[in-house]
Every structure is written in C-alpha cells, then in structure tokens.
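The values are calculated or read from the model by the stated rules, or taken from the named source; none is laboratory data. If you're wondering where the values come from, they're calculated on a predicted model, not measured in any experiment. Every residue, glycine among them, receives a Cβ derived from its backbone with ideal geometry; neighbour counts consider all protein chains shown. The area values use the complete protein model at the heavy-atom level, side chains included, leaving out ligands, DNA and RNA. Shrake-Rupley method; radii C 1.70, N 1.55, O 1.52, S 1.80 Å.
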Amino acid sequence: MEQGLRLLIQLVLEFAPVVVNLVQKRTAEGLATTNYQFPQIIEEVIEFVNITTNGKSSEEEFQQEKLQQQLALYQRETQLQIAQQQRNTSLQLPEVNKVLDSWPLRLYPSQILETRNSHRNTPLKIFIAPPQIKFDQFDCNPEEISDIERILAEGLREFINSNYSLHNPVRPTEFLAGAWDSKRFHSESSIKALFSMLKTEPILILESDHDGDYLNFRIAYWGLGQENYFYKTISRLPYKEIIQEFAKSRALEWKKIRDELVNLGEDLEEINQLGGDNVQNLATLEKAEKWQVKGIDISKLSLKYQINQQDIAKFSQVLITCHCLVAAWVADAYHLVHHDVPPLLPELLPSLLKDKLVPALQAMSEDNILQVYATGYQQVYQALEKERRYWVPELALQLAQSLSHLSDRSWAKEQVDYSINTWLELRQVTTQDFTNSLEAMQSAIKIEDEEYVFKLKEYFIAVGDRQSAATTETILQAIATLKHKRTLESPELIHTLTSHSGKVASVAISPDGETLVSGCADQTINIWNLQTGKQIRTLTSNLGEVSSVAISPDGNFLAVGSCQHPKSNVTVWHLQTGQLIHTLLGHQKPVNVVDISPDGQILASGSNKIKIWNLHKGDRICTLWHSASVHAVAISSDGSILASGSSDSKIRLWNPRTGDPLRTLTGHTGEVKSIAISPDGQLLFSGSADTTIKIWHLITGKLLHTLNGHADAVKSIVISPNGQLLFSGSGDRTINIWRISTNEILYTLTGHSGTVNSLALSPDGKLLVSGSSDKTIKIWQVYLNAEYKPLLLKS
C-alpha cells in the first residue's frame, strides 16, 4: 500500500517543476510568444515594470504591481484569442482522417471544440483512461468482481462535482467520464493525436494500464498556449500486492473473531465453516509467516490468496483517492497559473486524509504526504514571484493554515515566514531595525491589510503561538485606530454656492486649483474663486442653455457646449479675460458634452456625432460618427484614445487624431451618461442610466468590475489624481466615494436636493465640487489619502 500512495508524492516531484517551467517561460517571454503586436502603451508599461524598484516608495511599488497584474490580464486575453483562432482552424486540417486512426475518444473533435460556455475562466477538461485488469490470476470468481472502470468514474465524478464542478465560476473543471475507449487505446500515439486536434483546450488525462502485476500510472497535460504536452509515467502501482494485502487484512480480522469465539467455547470446525475464504487465506498467511521465520524467501513463492468483492472495492477506493488527489493538484496548478485562482487542495487534503479515503493510510504518514505537497506548492509560488509577487503572501499563508495541524510544525512555520517576508519585501521594509518580522509589519500596516492580519492571527492561535497571536492582535488594534481616524477625517462641506437660477449642468476646475467654472441651464456661466467661494464674473453673451464646460490644461481656454437648439454650438473663451475667441458651428443636434485633450491641442464636442477641433485655430479636424446621442467623452492622458458614451448603451473607443474607430464596449443596459479614464491610461470607468458603474481595461476592452451603489442614473464620474479613488454623482441626489482597489464605498455624501449632474476634483485631490439640478454648487473638503492594494480573486 505504501508503494501505491507513493505515486501521489511522485506526481508532485515530477509535475511541480513542469508548472514552474511554464510560469518562468511565460514570464520571460510574455506576449512575445504570440503573433500579436503590443500596443505602444503596453510596450512602455513593460519597460517601466522591468525597471528596478530600488529607492521607490511603497505607493510606487504598489502601482508597479498593479501594472504587472494588468499585463498578465492582457496576456491571458491574447492567449484566449489565439486559442479561438486555432480552434476555428483545427477541424479544417487535411490530416484529420489520419489523426482519427489513433483517436482514443468516443467523442469526435467537433463535439469538444464546438462546445460553447459562459465561463469567465476556461474549464480544464479531464479524461480517464482506466486500467483493464485481468483478475483471472487471482483465486476468485470473476462474476463477483465489480466493474472497476465504472466505480472509478463514479468516485472521481463525485469528487470533481463537489469541489471543481463545471458550474463552479472560479475553478470550472469538466470531467468527461466514459469518453475514453479504454479497450482499444493506450500509449503516446493516442496522446499525440489528442494534442494535435485539441491543443486549444486545456486537458488532463489520467491513464493507467495493466503490466503484469503492476499498473503503469501516467498523466498527460497541456494548458492554454502550450507548444507541447507533458506525458510521463508517474508510478508503477503493484496492484496485485495491494489487493492481496487487503485479503490478508481480512484474514487477520477473522482470526481475532475466531479466537474470541473459541474462548467462548464454540467448536472450531463449526467456526471455520462461517469464515468463508478467510479460513484458507489465514492458513496461507500463517504458513508464509512460519517459513519466513525459518529464513525462507517467500517472495520466491507463488502464494495465492482468495480475493472477493470487498477486496476489489477497497482497491477501487485506493484508485479513486489517487485519481482525485492527482486531478486536484493539477487542476489547482492550472487555475492558479492561468486564472489567478488560489489552490483548493490545501484546504481539502486534511479532511480527505481524516476521512480515511485511503484504507491503508497507516502505511504512509499523513505528514509525509502533506510535506511533499507543500514543497510542490512553494515551488510554484516562488515561480510566480516575478510575475505576481503581490499575491504570494496570501497564497503562502493559506498553505501554512492547511499545514497547521501537523505534528511537525516546521513545515507550516516555513510557509508563514515566507508569507510575512514577502509581504515586507513588497512594502520595502527591512527587519534590521526590528526584533522580529511582526514588529516590522507594524511600521507599514494599512487598513487594507486587515483581512491578511486577521488570518495571520487565526494561524498563530491554531498552532498555539500565543506571543505572535498577541502581536497580531496589537496590529489589528492599530488598524482599528486607522479606520477610526479615517472616519473622523470624513469629507466636509465647506461652501454652497447659490447664484444660478437653473440646474447646474457642468462644473470644471482650473489646473492651478484656484478657479471654478460652472455652466447652467439659465444660459449663464459663472466663474468663481474656488478657495473662497466668491464669484468673479458671469459670462452670458447669447450662450443658450449650457450643457458642458471644460478648461484647457494651461488654464487659458474655456470651452462651452450649448444644448439649446438651434443655438447648438461650441464656444471657446479666454478664461482670465472672459473674451470670446471662437464660435464653432456644425452640430445639428444639441451639444451635450465638451472635453479638451491633456496636451491642450484638440477639443472634442459631442451631440449625435463627435466633432474634433483644433482648440487654438478653431478648425475642424475630423468627425466621429455615432448612431445615437453622445452624452459623455473622455480623452486618455497620452491623447491616443477618445472614449465616448451614448444613449444606445454603448461605449466607443476612437483615435481622436484620425477618427478611426478602435473598439466598441457593450455591457450597460441603459444610456451611458458619464465616462472617465484613469490617470495612468489603464482603466476606463462608465456610469449609466442603469444605475451601475462599470470598470473596463482600456487596452483590451475587458469588463473588470461592475459597481452597484446608486439608486438612479450615474450622471458624473471623476477619478482622483493618484488613480485610487472614484467619485460618482447620481440622479439619486448622492455622491459616492469609492476605493477602486477594493470596489468599496468609503463615503456617501448627501446634501443636494436634486440630481448631481457634474463633479470636478481639484488637481491636489483635496477639493470636490458638485453641480446639481437643485440650482446649487457645493464644495467639499476631501481628506482621504487612500493607498493602492492590488485585488486578489477569491474562491
């Protein structure tokens, strides 16, 4: 039995380095392994990420980890695109008929490749090629022996459905029981045939075949984007010896019962009539023990034991357990590397062993098995350090928690030390000036670390380390103090401006943070001193109903959009003097929004189409055609992308210089009312009449998150200068302040009695201005200084 369980350890020893190699290769090659060309911004980001982090602040370090996370996302998206292209061409290969000669499945390639699913993560497909065991070499009645293939499939199916179900949104795994034609196919030619047709599908094959008294246990595996497959014999399982051991065990149990009955005075001959094949097996066993004592090598003898259904059932359970643990370890490695999902097996393994799924577990200590698994996981975590180092502390802590019940605590301690040390490295904290690593943690703790520290405390309590548990409790108290301090420093309303006689449609703040401009439905523009709230001047000059205002980056120009038809136009003013410079004509519908590029060269105006103007000359550069009214426009910091939101619920991305369309984003179910782009040009934020805010990856167009927190349309969105906070104004008359890294609402500001139509944030991020349909403008003091923390995908 010990030799049988060794295959589990052998898997980790053989397969962990394979996973490590895949991670290292992907990290080294990045997207260069594909045929896709990097957008310029991604190339610049890669160059930035590869710069040494020596001397950087913790904030800069976290921003770098954020970029690494987004690059990993872009790479996975590209791999999926390539896989889809390969999938579309696989069935058109001219050698398909030749491949089918070695095809080992009862399903055709088209039945697997044409499967469509809505999973966020691509499922891992698992096949089993079960053994064809001949029981005629045993002394048994073949009719009494169950179908091992059926039992194995049922056991593995139950385990996968409970923990790695196809319907699991995080770790989807599809087990295709009965698909393998086990009577015809085993060996590498079948694996090669599968890979040639299904290389776009991540696949694990658990194969075992009969070889004399042994079962050769092999695995075949390939993941997304792999150029070749892994196929290797993991172990030779001495199944005959294992089954006979079960028969011997039954005989010894029978002996105890027989001796008890004899002591009660029962007749031995009558007792033996009740023993069945145990009587003969016990006699054979006692002879073997007697001969062995005499120095005879009984391994040279052909000793036969009678086996029955009970022995085969126990052996089947051994096979089931081996297959479950191997499938779980590989599935965890696949979802970790390709989908950023933390492993589940460290949580499952203690309960699996506790439940005695392996009947002869005593032959191999639980500690030994867990130690080898821990070593394999740590190898993978270390390989992930360069690509996703920010994730390692929680992964290693999770592994430490799963090992905490072992009698040898050194394995768990090694993992928790690795977790804490990586946490400190991420924050560039050295332990030289502190007595221990936990004390060093206190110097860099943030509110966002509360969950991690709480799990640390749970671990130390579990292992009986009272001193460390007390220290983590002190850290948690420090976090509570920080949270209380943040509560005390909540945003404060400092001015309410009431000069307008209609709804305030738009507000903007000058780059020097001194001037506030407000545009109103009362056909006026007011210019204010932002710091004092005093009105400086009012612009009227036949404006019509003002819908939008924007200030150039140099603070010299003010752009104004009018939504009162037929006066729908765009005007450009000198901000300091109030002198009209340009009147830009050409829109036939109300102008809903204006925006100026960060370089101050172009002006964009949106109605039922978007017009791009030269801000200084007033010349039209190009027109971007929409099929519905445009309500929102934002231009990326490098000026390469213009994003627009319209009443058809769609977001379109454009090249504002050429007018070329780049991408269309769909996902909202109502009109898109507001749009913003993060300062680093990585994220796009959209607010809609469907009451949600969506966060998109600007480069790939992938929808990352949907925020729910408003009860009415989201009319305005602004991002803090450090890219960490999101401010949203809504028709529900509230303003929400969100932490982007965690998607949580930090504060909800109330005070307006009408729709919040527009928001503006001062360049230093300390003052927030809101314009409302209640005819007022409010100026809020914002004290928040949030820290960035990369997100993890929880199970």
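Using the Cβ-Cβ distance between HIS167 and THR666 with R0 = 30 Å, the FRET efficiency computed as 1/(1 + (r/R0)^6) comes to roughly 0.75. If you find the alpha carbon centre of region 390-469 and of region 299-320, how far apart are they in angstrom? After rounding, the separation between the Cα centres reads 46 Å. In this structure, the residue pairs whose Cα-Cα separation is over 30 Å, taken from LYS673/LYS766; LYS232/LYS314; LYS446/LYS715; LYS446/LYS673, are LYS446/LYS715; LYS446/LYS673. Packing here is the average count of other Cβ atoms within 10 Å per residue, and on that basis the peptides 405-412, 204-211, 760-767, highest first, run 204-211, 760-767, 405-412. Heavy-atom accessible surface of THR375, to the nearest 10 Å², is about 50 Å², with a 1.4 Å probe and all protein chains retained.
Taking amide H as placed 1.01 Å from N in the peptide plane, the amide H of ASP181 sits under 5 Å from that of LEU105, ARG106, each at least 5 places away or on another chain. Between LEU261 and ALA313, the C-beta separation translates, for a Förster distance of 25 Å, into a calculated FRET efficiency of about 0.45. Available extension along the chain between LEU274 and GLU253 is 6.2 nm, counting 0.36 nm per residue and deducting the alpha carbon span. Label-to-label distance for ARG657 and SER410 is 6.2 nm, based on points extended 7 Å past Cα in the beta-carbon direction. Using every pair of separate Cα atoms, the Kirkwood estimate puts the hydrodynamic radius of region 649-725 at 12.8 angstrom.
For a 27 Å ceiling on Cα separation, which of these pairs sit above it: LYS534/LYS611; LYS256/LYS287; LYS534/LYS694; LYS483/LYS775; LYS589/LYS650; LYS534/LYS589? From the list (LYS534/LYS611; LYS256/LYS287; LYS534/LYS694; LYS483/LYS775; LYS589/LYS650; LYS534/LYS589), the Cα-Cα distance tops 27 Å for LYS534/LYS611; LYS534/LYS694; LYS483/LYS775; LYS534/LYS589. Modelled spin labels at THR577 and SER637, positioned 7 Å past Cα toward Cβ, are 3.4 nm from each other. Estimated at 0.36 nm per residue, the fully extended path between LYS300 and HIS697 surpasses their Cα-Cα distance by 136.1 nm.
Can you figure out the FRET efficiency of SER541 with ALA444, using R₀ = 41 Å and their beta-carbon distance, to the nearest 0.05?
Plugging the Cβ-Cβ distance into 1/(1 + (r/R0)^6) gives 0.15.
Sorted into 5 angstrom bins from 0, the C-alpha pair distances of region 467-579 split as 2, 11, 18, 17, 13, 7, 5, 5, 5, 5, 5, 4, 2, 1, 0, 0 percent. Taken about its Cα centre, region 648-739 carries a charge dipole of roughly 140 debye when the Cβ of each Lys and Arg holds +1 and the Cβ of each Asp and Glu holds -1.
Across region 556-700, the fraction of Cα-Cα pairs farther apart than 18 Å, rounded to a whole number, is 53%. When a/c reaches 1.5 or more, the comparison of a/b and b/c decides; with that in mind, is region 575-621 rounded, prolate or oblate per its Cα gyration tensor? Since a/c reaches 1.5 and a/b is larger than b/c, the shape of region 575-621 is classed as prolate. For the Cα trace of region 376-487, dividing Rg by the Kirkwood Rh returns an Rg/Rh value of 0.97.
Residues in region 451-571 average 45 Å² of solvent-accessible surface per residue, probe 1.4 Å, ligands and nucleic acids excluded. When the trypsin sites (Lys or Arg not before Pro) in region 596-660 are filtered for DSSP coil states and for at most 12 other beta-carbon atoms within 10 Å of their beta-carbon, the remaining sites are LYS617.
Dipole magnitude for region 588-677: computed about the Cα centre from +1 point charges on Lys and Arg Cβ and -1 point charges on Asp and Glu Cβ, it is near 220 debye. Summing Cβ point charges (Lys, Arg +1; Asp, Glu -1) relative to the Cα centre of region 375-435 gives a dipole of roughly 100 debye.
Note on ASP712 and THR748: the model spin-label points, each 7 Å out from Cα along the C-beta direction, lie 1.4 nm apart. With a cut-off of 13 Å between beta carbons, the residues surrounding HIS668 carry a summed charge of +1, where Lys and Arg count +1 and Asp and Glu -1.
Just the number please: accessible area per residue for region 593-684, 1.4 Å probe, all protein chains included, in Å².
35
The calculated P(r) of region 237-323, using every Cα pair and 5 Å bins from 0, goes 3, 13, 20, 20, 17, 14, 9, 3, 1, 0 in percent.
For region 173-264, trypsin sites (Lys or Arg not before Pro) meeting the loop criterion (DSSP other than H, G, I, E, B) and having at most 16 other Cβ atoms within 10 Å: LYS183, ARG184. Per-residue 3J(HN,Hα) values for region 536-543, derived from phi via the Karplus relation 6.51 cos²θ - 1.76 cosθ + 1.60 with θ = phi - 60°, read 9, 7, 10, 9, 10, 6, 6, 6 Hz in sequence order (x marks Gly and Pro). Solvent-accessible surface of region 155-224, averaged per residue with a 1.4 angstrom probe and all protein chains in place: 35 square angstrom. Could you work out what % of the accessible surface of region 546-622 is carbon and sulfur, using a 1.4 angstrom probe and leaving DNA, RNA and ligands out of the count? On region 546-622, the fraction of accessible area on carbon and sulfur atoms equals 47 percent. Amide H contacts of LYS609 (H built 1.01 Å from N, in plane; Pro and chain starts excluded): VAL630 sit under 5 Å, all sequence-distant by 5 or more or on other chains.
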